[in-house]
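> Sending over a structure as structure tokens; questions will come in a sec.
Quick note: the coordinates plus some simple rules give every number you see, no bench work behind them. Given the structure is predicted, the values throughout are model-derived calculations rather than measurements. In this analysis, Cβ positions are derived from the backbone assuming ideal geometry, glycine residues included, and neighbour counts consider all displayed protein chains.
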Amino acid sequence: MDFSVVPFGKPRGERADAVRNREHLLRTAREMIEEHGVPKVTMDGLAERAGLGKGTVFRRFGTRAGIFQALLDADERQFQERVLSGPPPLGPGADPVERLVAYGRARVAFLVDHHTIARAAIDRDEPALVGDASLTQLHLRMLLRQCAPMPNLEGVVVQLTAALEGPLLLVLSRPTPDAGTASEINGFLGDAWQTLIERLVR
């Protein structure tokens, strides 16, 4: 499969000054999150901290949720690059079963680590879509075809995608993520994913 033709994320092609402003705003937003937490990041606060006009921030993001959607989009791109061209076993070069396990563990960690940003990225006026499940579906389909051809592959891919992407929704459904530390959640869900894959392909 030629992943280079898959249009993940938003298309590029912005003016150089717009790109600089976007990157500056995203860096500033990350600094604010690191220092004060997600709840303290506002449109006005971001504009003031970045030294840009409020109009620039509103044009760039539209709403406060748009700030966090942009952060997620940028991090999704980095995650995709690790999957498509990073070192094995997450990237190319490893046994397909190893890659399936590694992908699941990395994806769980990504989703859990981003759950506060993902919560803030949900706009009440828009569908609550979090993360880019399209990459997960494509990647699982490719690897399963290599290591475990089976009937109803498309349905299995949908079910596995739901099993992998769905736990974030469980975390987001709680007022506070009280299921344990991020490391404990990553281990719990990562181990479960590995068990699921190994049982499926054996």
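> How far is it, in nm, from the label point at residue 15 to the one at residue 113 when both lie 7 Å from their Cα along the line to the Cβ?
3.5 nm
> May I pose another question? For the stretch 14-62, take the convex hull of the Cα atoms, compute a quarter of its surface area, and give me that in nm², please.
The directionally averaged projection comes out at 3.1 nm².
> With only Lys, Arg, Asp and Glu charged, each at its Cβ (+1 for the first two, -1 for the last two), find how big the charge dipole of the stretch 14-62 is about the Cα centre; round to the nearest 20 debye.
180 debye
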